[in-house]
Structure formats: structure tokens, C-alpha cells
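S.K.: First the structure, then my questions, so here it is.
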Amino acid sequence: MTAQMFFIGFFGLASVWFGIVVFRTFSMVRSALALLFSQTALGAMFLSMQAEFLGVLQIMMMATEMSIMAIFMVMFMMDPGGLGEMDMTHQKRLSLGAGIVAFVAAVAVAVFVDWGPIADVAPDAAQQTVDLGLELLGRSMLIFETAGITILTAMIAATAVAIPPVKRKPSKGATHHEH
Amino acid sequence: MTTAVLLLLLAFGAYLVAVLENWATSGRFQLATPAFSALALLGRESVLPRKPDRIFFEVAPTLLLISAVLAAAVIPLTPNLIITDLATGALFINAALVYVLVALIMAGWGPNGAYAMIGGWRFLGQLIAYAMLIVMPITAVVMRAESLLTTQIVVSQAGLWNIVYQPVGFVLFFIAAMALAFLPPFDLTTAKGELAGGVEAEYSGVRLAVFRLGRLVLIITLAAATVVFYLGGWQGPWLPPWAWSAIKILAVTAIMLLAGRYMPRIREANLLSWCWMFGIPLALLNIFLVGVLVLVFS
């Protein structure tokens, strides 16, 4: 139990530390990969909490996502190597306030919500995977499907916005009158 | 004990891959060449490029090796010869192998060189092409086994190997595995003739030795994963299980290495469009067909 608590705390702190590193570096790739290791540490926290499937999934998904984010940051930022020491932060007061409010809200939810009886022993890993599958196809299906469709819509919209508009010439013979 | 045995076998396997690769590229079968090459690499100076991203540059070769070894940890060679039979084994292989990408991006970005960087980003481009073709065929394999345990996946093929049960998935996975190991014709990441080694270009000496070792382990791990997922793992008549595993893994490795020799290199943009236009629909079809077969015959 104590070893478990130690590892949860250790990976939690590691996650926070890598989150800070994101803003302490000037290099876009370092920043993206620091965020990746922050997320990987979260996955390791899941593993320490004996949630094997969620942990492995988190560790797997974040690697691709953050790597793809890295190339986008390199493509679109004017100083991807960070040699010009561009400031990585902006709107400091607003983000500080938002961060504190979000932190307090998260702690409040964790402390004040009635989570029901706490299980003494976690079900074995294979059983967890089964339970998770049934949960995703049952009670939580609507939430996950909504989230998935929302993300897909956002991606398509972002792509559509990013494509420069093409002026089409009116084709010959079209009934198009200019005044 | 099992871990030590498997790590030794992995090292031996990596050596055989090096021999096979040499055979496939130069046509000469020489058992001692990889040992001499390794000695030569270890004896040479490991040059540090100018203004590198030192952390990435140092971490990349090791991370490549670690991710390949971690993926090998859930691959069974016999019913009992497996480092850890995780309840999420089939997913864990993916999770470990994704860090090959992270390692190659680090290796590309780290040395502050144009060739290396192009190689690294190319690998990312290739990953976007083939990533789904790794995950989706595995999904179909897992559907049949009704378990993520790799040992269970092998047991599920007792009657009929998956290469017959789901041939489309096998072909897609095989191609994707070759791309993940950046073997020819998908070796634009290292691109010997064009980028002077790509991600490998700025590495030398002991760092390059670790990088090459990592890649060899990656190849044998992917061949072993192919055997576990599609070729019935340790199963086979007459010979003991470990022998069947060894024969199948080496055969798959040899085919992977030979196949690249007779194909033109594929540009990553073409790979991307072919994978998304044909590969992913086929993978979805494969999942659907396997789903129907599982429902009908169980």
C-alpha cells in the first residue's frame, strides 16, 4: 500500500513537473515532448492505481498525439528551435486566475462528491477491460459518442478553415450575369 | 530467470537479423560480419554535432532500444516463456512501439542537422499512414481471441491460424510492421542514398551502435508479433514449441528483409494516400468480416 502511494505521488509530481517544463523551454519540440512525458506520467499513475488498461491506453495515445502536435508547432511557430528565446506565455494574469479556479474546482469535486463505497480490492486487469467495454457501450455511450463527433466536427472545420479559398471562374455557358 | 533467458534470446535474435540483413542487401552470408561491424562502431569516436539538443540526442538511441525491448516483453515464445503475460498485452505492444516514433523524432531533431530532421519528420508522416493499419488488424485478432492476452491469442489459433482466418488483416499488418521498422521499401527515414542516413546521419560510434541495435531488436520484435498474431505462435507438429517460434520468427524476418529488396521505395506522400484510401477501408472491412465470422462460428 505504501509503495503504491509512493508511486502515485511520484508520478503525480513528475506529471506536474513536466507540465511546468512545457513553459520553461523555448524549443517547440522540447515543449511538445515535455507535455508528452507529463501525460505519460499520468498513464503511469493509472498503472500505479492498478488501472492497467487505462494506463496503457493513455501511454499509447499520447505519444502519437503529442508527436503530431510537435510537427504542427514546428511548422507554424516562427522560432521552433527557440534560439530567439521567444516567450512561451501570454495573458499571464488571466491564465493564472483560470488555473487557480480550475484547480480549486477539481479539488472540490474530488473532496465533496459522494463517490459511494470504495472497493477494497481492484478487480483483476482482464475483468477491468471487460467492465470498461460494457461501460463504454452502455451508460457512457452517449457521452463518448458526443465527444467523438464533436472532435471530428472540429477537425473537419479546422481543415476547412485552413484551406485558402479558391476563386472559381464562372464556367462558359453558365447563366451568370454581372451588373 | 525467464527475463534473462528472453533478453539473451533477443540479443541472439538481433544478431541473426543483422546477419540476414547483410545477406539480403549484399548477397553474402557471413556469420561474423555483424560482430566486426559492432566492434568497429564501438572503437570509433562518437562525434557530437555542433549545437545539438543534447537531451534528445543522447536519449533517442536508448529510447529506441527500450521501446523495442518493452514490446518484446509481452511476446510468448512458448506457453511459459514470456517475460510478463499482461492482461492488456496486445495493446501494450502498440503502446511500447509508439515510442519508436518519439525516439526517431528526438533523433531527427536532436543533432541540429537538416538530413536528420527531414528523416525524423518523414517517419512521423509514415506513421500517420500506417498507424491505423497496426491497430485495426490487431483489433480483429483480439476479437477472435476475445482476449488481449498474447498467450490467449496464440491459443485461439489452435484450429486455424489467423493468416487463413483473416488474410486481409495479415497483409495490412505485415506491410505496416515493415513501415514501423523502416525497412525497405519504407526506409525513407534513413534513406541511405538520399539523406546520407537520415536520422542516423549525425550519429557515430557507440551511439550509432545503440541505435542500430535498437532497430535490429525492433525488427525481430515485429516479426515475433506477426508470428504471435497471425502464424499461430509456438504451435506446430513434431517440434517443440520454442523451435516453432524460432523458425517462424526467423522466416518472417527473412521475408521482411527480402521483400524490400525487390520493391521500389515508396514516397511517404504516396504511402499516406494509399494507406488512407485503400488500407483503412480494407482494415475496417476486415474487422467487419471477422466480427461476422466470430458471431457465426462461436
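S.K.: For region B:17-40, indicate whether the set of residues that are away from chain A (no Cβ under 14 Å), of a type outside the set (D, E), under 14 Å from B:F211 (Cβ atoms) and in contact with a Pro (Cβ under 9 Å, 6 or more places away or on another chain) is non-empty.
M.R.: yes
S.K.: Could you tell me which of the residues B:L48, B:L39, B:L31, B:L64 is surrounded by fewer than 24 Cβ atoms within 10 Å (Cβ to Cβ) and in contact with a helix residue (DSSP H, G or I) (Cβ under 7 Å, 6 or more places away or on another chain)?
M.R.: B:L31
S.K.: Tally the residues that are of a type outside the set (A, V, I, L, M, F, W, C), in a loop (DSSP other than H, G, I, E, B) and touching a helix residue (DSSP H, G or I) at 6+ places or on another chain (Cβ under 7 Å), restricting the search to region B:75-91.
M.R.: Counting residues in region B:75-91 that are of a type outside the set (A, V, I, L, M, F, W, C), in a loop (DSSP other than H, G, I, E, B) and touching a helix residue (DSSP H, G or I) at 6+ places or on another chain (Cβ under 7 Å) gives 5.
S.K.: Also, I was wondering about something else. Return the only residue of A:F144, A:F112 being among the aromatic types (F, W, Y), surrounded by 10 or more Cβ atoms within 10 Å (Cβ to Cβ) and modelled with pLDDT of 85 or more.
M.R.: From the options A:F144, A:F112, the qualifying one is A:F144.
S.K.: Being facing chain A (nearest Cβ under 9 Å) and small (G, A, S) is the requirement here; does B:A131 meet it?
M.R.: So B:A131 fits the description; yes.
S.K.: From the set of residues in region A:43-100 that are surrounded by fewer than 17 Cβ atoms within 10 Å (Cβ to Cβ) and of a type in the set (S, T, N, Q), which is nearest to the other protein chains (Cβ to nearest Cβ)?
M.R.: It comes out as A:Q50.
S.K.: If a residue counts only when it is among the aromatic types (F, W, Y) and surrounded by 24 or more Cβ atoms within 10 Å (Cβ to Cβ), which helices (runs of 4 or more DSSP H) contained entirely in region B:107-189 have at least 1 such residues?
M.R.: B:114-145, B:167-180
S.K.: Going by the structure shown, is A:L152 farther than 30 Å from B:L86 by Cα, surrounded by 11 or more Cβ atoms within 10 Å (Cβ to Cβ) and modelled with pLDDT of 90 or more?
M.R.: When the stated conditions are applied, A:L152 does not pass them.
S.K.: Search region A:30-52 for residues that are at negative phi and touching a residue at least 24 places away in the same chain (Cβ under 8 Å) and pair each with any residue that is among the β-branched types (V, I, T) and part of a loop (DSSP other than H, G, I, E, B) when their beta-carbon atoms are under 9 Å apart and the residues are at least 6 apart or on different chains.
M.R.: Listed by first residue and then by second, the contacts come to A:S31/A:T25; A:E52/B:T88.
S.K.: Please indicate, with yes or no, whether at least one residue in region B:14-21 is part of a helix (DSSP H, G or I), surrounded by fewer than 16 Cβ atoms within 10 Å (Cβ to Cβ) and in contact (Cβ under 8 Å) with a residue 24 or more places away in the chain.
M.R.: no
S.K.: Additional query: Restrict the check to region B:223-238 and report whether at least one residue is surrounded by 15 or more Cβ atoms within 10 Å (Cβ to Cβ), closer than 27 Å to B:F29 by Cα and in contact with an Asp or Glu (Cβ under 8 Å, 6 or more places away or on another chain).
M.R.: No.
S.K.: Then there is this: Check whether at least one residue in region B:40-57 is closer than 30 Å to B:T150 by Cβ and among the small types (G, A, S), and report yes or no.
M.R.: Among the residues of region B:40-57, not one is closer than 30 Å to B:T150 by Cβ and among the small types (G, A, S), which makes the answer no.
S.K.: Follow-up. Applying the selection to region A:36-84, what residues are under 18 Å from A:A162 (Cβ atoms) and β-branched (V, I, T)?
M.R.: Answer for region A:36-84, where residues must be under 18 Å from A:A162 (Cβ atoms) and β-branched (V, I, T): A:I68, A:I71, A:V74.
S.K.: From the residues in region B:221-243 that are touching a Gly at 6+ places or on another chain (Cβ under 9 Å) and at pLDDT below 90, which one is farthest from B:R122 (Cα to Cα)?
M.R.: Ranking the candidates gives B:P241 first.
S.K.: In addition: Within region B:78-106, work out how many residues are farther than 19 Å from A:D124 by Cβ and either crowded, with 23+ Cβ neighbours inside 10 Å or facing chain A (nearest Cβ under 10 Å) (or both).
M.R.: Of the residues in region B:78-106, 14 are farther than 19 Å from A:D124 by Cβ and either crowded, with 23+ Cβ neighbours inside 10 Å or facing chain A (nearest Cβ under 10 Å) (or both).
S.K.: Looking for whichever is under 24 Å from B:T190 (Cβ atoms) and in contact (Cβ under 8 Å) with a residue 40 or more places away in the chain here; the options are B:L231, B:L289, B:L272, B:L284. Which one fits?
M.R.: B:L272 is the lone residue from the list that is under 24 Å from B:T190 (Cβ atoms) and in contact (Cβ under 8 Å) with a residue 40 or more places away in the chain.
S.K.: Out of the residues in region B:139-166 that are more than 14 Å from chain A (Cβ to nearest Cβ) and of a type in the set (G, A, S), state the one that is nearest to B:K248 (Cα to Cα).
M.R.: The residue in question is B:A158.
S.K.: Turning to a different aspect of this structure: Quick check on region B:175-198. Is at least one of its residues within 26 Å of B:P281 (Cα to Cα) and basic (K, R)?
M.R.: no
S.K.: Let me ask another. Go through (1) away from chain A (no Cβ under 12 Å); (2) of a type in the set (S, T, Y); (3) over 26 Å from B:P52 (Cβ atoms) for B:Y115 and report which single condition fails.
M.R.: B:Y115 satisfies every listed condition except (3).
The values are calculated or read from the model by the stated rules, or taken from the named source; none is laboratory data. None of the values given here were measured: they were computed from a predicted structure. Neighbour counts run over all protein chains shown; Cβ positions are idealised from the backbone, glycine included.
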